[in-house]
Every structure is written in C-alpha cells, then in structure tokens.
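The values are calculated or read from the model by the stated rules, or taken from the named source; none is laboratory data. Predicted model, so just to flag it, every value in this text is computed and none were measured. Because the Cβ atoms are built from the backbone with ideal geometry, glycine has one as well, and the counts that use them run over all protein chains shown. Each accessible area value is taken on the protein alone, full model and side chains, heavy atoms only, with ligands, DNA and RNA left out. Shrake-Rupley method; radii C 1.70, N 1.55, O 1.52, S 1.80 Å.
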Amino acid sequence: MKTSTITIFCVFAFLTASLSVAAQEYDLLIKNGYLIDAKNKLDQVMDVAVLDGKVAEVSADIPGEKAKKVIDAEGLYVVPGLIDNHVHVFHGTMQDQYISNSFTSLPPDGFTFRYGVTTVVDAGSSGWRNFKTFREQTIDNSKTRVLAYLNIVGWGMKGGAVEQNLADMDPKLTAIVARQNKDVIVGTKLAHYSGHDWTPLERTVEAGELAGGIPAMIDFGGSDPELSIETLLLEKLRPGDIYAHCYAHVGGRTPVVDDNGKVRPCVHQAQEKGILFEVGHGGGSFVYEQALPAMDQGFLPDMISTDLHTGSMNAGMKDMLNVMSKFLNMGMSLQDVIERSSWMPAVYINREELGHLSVGAHADIAVLNLKEGDFGFTDVRGWTIQGNKKLECELTLMEGKVVWDLNGISMQEWEANK
C-alpha cells in the first residue's frame with residue numbers, strides 16, 4: 001500500500017472513531033426495562049439515558065451507540081430511587097442515648113443503596129440542641145441523601161426521662177433551627193411522650209407552623225387513659241401532617257382498626273381531610289391484625305416506610321423492599337407500591353425534585369427484580385403470611401453513578417484473553 005493511501009486510511013479511521021465518540025451523547029443508558037414513574041404516568045417498557053448526573057432522555061428506543069455505557073434491564077423494573085420516609089440514622093457511639101447519636105441508629109449508606117433507596121428521612125433522632133452534630137457527622141458525610149424531621153425535644157430521641165421533659169419542648173427554638181437548615185429539614189416530630197397531655201403535640205404542630213408550615217410527624221401513644229384518636233386526627237392535626245406507624249397496635253394508643261375488625265370512621269375522614277398515614281414498620285409497629293383488615297376496607301398508607309434502626313433491621317421489618325413486598329402480597333399493585341415509596345413521599349415532604357424520572361431530574365434510579373416463588377413475611381408479633389412475590393434490587397444509581405450492582409449488570413464481562 002502506498003504511503004498516501006495509508007495516510008488517507010489512517011485519517012479516515014481517526015475521523016470515524018471521532019464521530020463515534022461524538023455520537024455518544026450520554027454517560028449511561030438503561031435499555032429495555034419496564035419503567036414505572038407515577039409523576040409522569042409512565043407504566044411501560046422505556047429506555048432511560050443519563051448525562052452529568054441527570055435524566056437526559058426517556059424514550060421507547062434510544063440507540064445504544066449514543067451512550068458510553070449500556071445496561072440491559074430486560075425483564076426488570078426501572079423506577080425512581082426509593083424514598084424511605086422514616087429511618088433513624090443519627091449513628092454514634094454515645095452510651096445510653098438510645099437513637100440520638102448512639103448505637104441504635106444506623107449509618108445510612110450500608111442500608112440504603114442495596115435496597116434501591118437513594119433518599120432517607122430521619123424521623124426525629126435529633127432536636128434543635130444536637131442537630132448540628134447530626135448534620136456534620138451524618139448528613140454531610142453520607143452518599144445517601146439524608147433529610148430530617150426535627151424532634152420537638154431539644155435533645156431528640158435520647159429515651160427515658162429526656163423525652164418526657166416538657167421544658168425542653170420549645171417550638172420557637174425548634175423552628176429557628178428548622179429554618180436555618182431548610183435545605184434538609186422537612187418537618188417536625190413528636191415521639192415517645194407518655195402522658196394524658198396534648199401539650200407536646202400542640203408544640204410540635206406550632207413549631208411546624210413557625211418554621212413555614214412544614215408538616216409534623218406524630219408518633220401517637222403512651223397515654224393512660226388513651227387520648228382520643230378522633231380528636232387528634234380531626235381537630236389537632238393539619239392537612240399534610242403525618243400519623244406515624246398507622247398499622248401499629250401498642251399500649252396507650254387507640255388502633256385504627258377496632259375490636260370488630262372495622263376501620264374507625266374518623267380514620268377515613270382524616271385521610272379525606274388530608275392527614276397522611278405512613279407505615280413506619282419498625283420493630284414494634286406493624287401487625288397483620290391491623291394491616292390486613294385495613295387493606296381489605298380500602299385504607300391504604302400514603303407512604304411506605306421502614307422505621308429503620310438496629311431493633312427492626314433483623315426482625316420482621318428487615319429492609320425497604322421487604323416492607324414493599326409485604327404490601328404486594330397483601331393485594332396492593334406494584335404501581336401503587338412504587339408510587340407510595342417514591343413520588344408520594346417526595347410530594348408530602350415538599351421535595352418534588354425527587355421521586356420521578358423526568359428529563360432534568362436527578363438520575364436517582366432503582367432497577368428492581370420482581371421474583372416469584374414461595375416467601376414468608378413476618379409482622380412484629382411473629383405472625384407470618386405466605387406470598388409469591390418478592391422485590392430484589394439489581395442496580396441503584398445515585399445522581400447517575402452506580403452505587404449498587406448485585407450481579408454486575410453495569411460491568412464488562414471478564415474475558416481471559418484480555
């Protein structure tokens with residue numbers, strides 16, 4: 001071959017390669033997956049392209065050559081990164097401090113991405129006195145997006161007498177810290193108060209009002225005699241406030257399902273009014289005696305959540321996908337389960353930039369496998385139901401980066417001669 005011919009050939013090859021690289025518009029492309037995106041009403045096979053950490057295109061058939069990396073999600077479900085609206089992640093090493101900077105809380109990154117969760121909301125582990133520590137120690141040092149409800153108790157959920165101290169329940173100071181940290185604080189929280197007294201609840205709601213109308217999450221109970229659930233739901237709480245642990249049956253708290261197996265009328269009325277009900281499964285707050293008849297009567301949770309901490313992760317709760325799988329096997333559709341674990345929580349905590357896969361949104365994406373077989377699902381009292389469906393996370397993207405890959409579907413297959 002003559003020199004001139006070789007030169008022309010090399011230039012042609014170079015230009016072809018350059019054009020090929022230029023044609024790669026996207027960093028990553030997920031192809032052939034079944035997309036469920038409640039905000040955009042998408043429920044079909046679609047491709048999702050990612051560029052610079054954002055969703056760049058959602059279309060029926062995006063050519064693979066447009067992306068630097070292609071992931072085949074055929075037979076899998078592609079959904080927005082899940083939002084767990086009730087966790088405890090103020091992990092620390094302080095003795096006898098329960099959930100607030102102590103051992104009962106968990107470091108988030110070890111318990112999120114592997115289950116498709118990209119955003120968690122800490123449910124009041126800290127109060128205005130120690131939120132700064134929580135932020136610097138956990139929120140600012142986690143790959144998982146960590147948001148928070150701020151406890152009305154200044155020291156947060158330290159347990160025992162600390163959480164009974166009315167003098168440390170200051171709406172004004174709570175609201176000040178919430179406003180100072182409005183980028184991560186999404187609401188206020190009351191938990192674990194024991195006493196026939198509306199004052200803690202009223203101060204929690206007041207703090208939310210002073211902080212700009214953010215919601216209050218209420219872990220209601222601990223009173224002997226019980227405070228009226230009807231008064232709570234229809235008089236004390238505002239639309240947008242959150243009733244935690246809605247399928248619990250614990251002492252000092254009236255359950256949503258009565259002794260005759262009927263959902264109390266005030267519960268349906270409250271949901272129509274705009275009071276939100278979240279699962280908050282936890283280690284003691286989810287029983288089939290409540291959940292099954294409630295589901296049968298059309299009382300569904302607005303948000304599916306775990307109440308993740310060391311007392312729940314190895315018991316009946318386990319993880320976000322296990323809780324979601326329970327609801328699948330209690331008759332909820334996959335579409336409803338995904339919506340209540342992504343888009344609906346985003347709306348209710350006023351973070352509508354999350355929980356969907358619109359073009360321009362954060363590329364927080366979970367790729368899930370819906371497995372079929374014989375599975376058992378346990379509540380907090382040791383009762384089990386059998387099911388034939390179980391969700392498993394194959395892949396998680398956080399702002400466009402692969403942070404969990406169960407079976408290496410985003411990786412190159414090893415070849416011995418390379």
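Results, tabulated for the structure shown:
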{"item": "Filtered residue count, the stretch 194-220, keeping only those that are at pLDDT below 95 and surrounded by 23 or more Cβ atoms within 10 Å (Cβ to Cβ)", "result": "1"}
{"item": "Verdict on Thr254 being among the polar types (S, T, N, Q), within 25 Å of Val323 (Cβ to Cβ) and either open to solvent by 10 Å² or more (accessible area, probe 1.4 Å) or part of a helix (DSSP H, G or I) (or both)", "result": "yes"}
{"item": "Pick from the stretch 136-167, criterion among the acidic types (Asp, Glu) and surrounded by fewer than 18 Cβ atoms within 10 Å (Cβ to Cβ), ranking: farthest from Thr112 (Cα to Cα)", "result": "Glu136"}
{"item": "In the stretch 168-187, the residues that are open to solvent by less than 10 Å² (accessible area, probe 1.4 Å), under 19 Å from Thr119 (Cβ atoms) and of a type outside the set (A, V, I, L, M)", "result": "Gly187"}
{"item": "Check on Val347, closer than 17 Å to Leu300 by Cβ, surrounded by fewer than 21 Cβ atoms within 10 Å (Cβ to Cβ) and β-branched (Val, Ile, Thr)", "result": "yes"}
{"item": "Residue satisfying all of: in the stretch 265-293; of a type in the set (A, V, I, L, M, F, W, C) and either in a loop (DSSP other than H, G, I, E, B) or under 22 Å from the mean Cα position of the chain (by Cα) (or both); surrounded by the most Cβ atoms within 10 Å (Cβ to Cβ) among these", "result": "Val279"}
{"item": "Complete set of residues in the stretch 319-376 that are more than 17 Å from Thr396 (Cβ to Cβ), within 15 Å of the chain's Cα centre (by Cα) and not in a helix (DSSP H, G or I)", "result": "Arg340, Ile349, Asn350, Arg351, Glu352, Glu353"}
{"item": "Test for Gly212: is it assigned to a helix (DSSP H, G or I) and free of Cβ contacts under 8 Å to residues at least 40 places away in the same chain", "result": "no"}
{"item": "Every residue from the stretch 74-98 that is part of a loop (DSSP other than H, G, I, E, B), more than 22 Å from Glu353 (Cβ to Cβ) and not small (Gly, Ala, Ser)", "result": "Glu74, Leu76, His88, Phe90, Thr93, Met94, Gln95, Asp96, Gln97, Tyr98"}
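Every residue, every condition in (1) within 24 Å of the chain's Cα centre (by Cα); (2) aromatic (Phe, Trp, Tyr); (3) at pLDDT 80 or above; (4) over 12 Å from Ala73 (Cβ atoms), yes or no:
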{"residue": "Cys10", "(1), (2), (3), (4)": "no, no, no, yes"}
{"residue": "Ser20", "(1), (2), (3), (4)": "no, no, no, yes"}
{"residue": "Glu25", "(1), (2), (3), (4)": "no, no, yes, yes"}
{"residue": "Ile30", "(1), (2), (3), (4)": "yes, no, yes, no"}
{"residue": "Gly33", "(1), (2), (3), (4)": "yes, no, yes, no"}
{"residue": "Asp43", "(1), (2), (3), (4)": "yes, no, yes, yes"}
{"residue": "Asp52", "(1), (2), (3), (4)": "yes, no, yes, yes"}
{"residue": "Val55", "(1), (2), (3), (4)": "yes, no, yes, yes"}
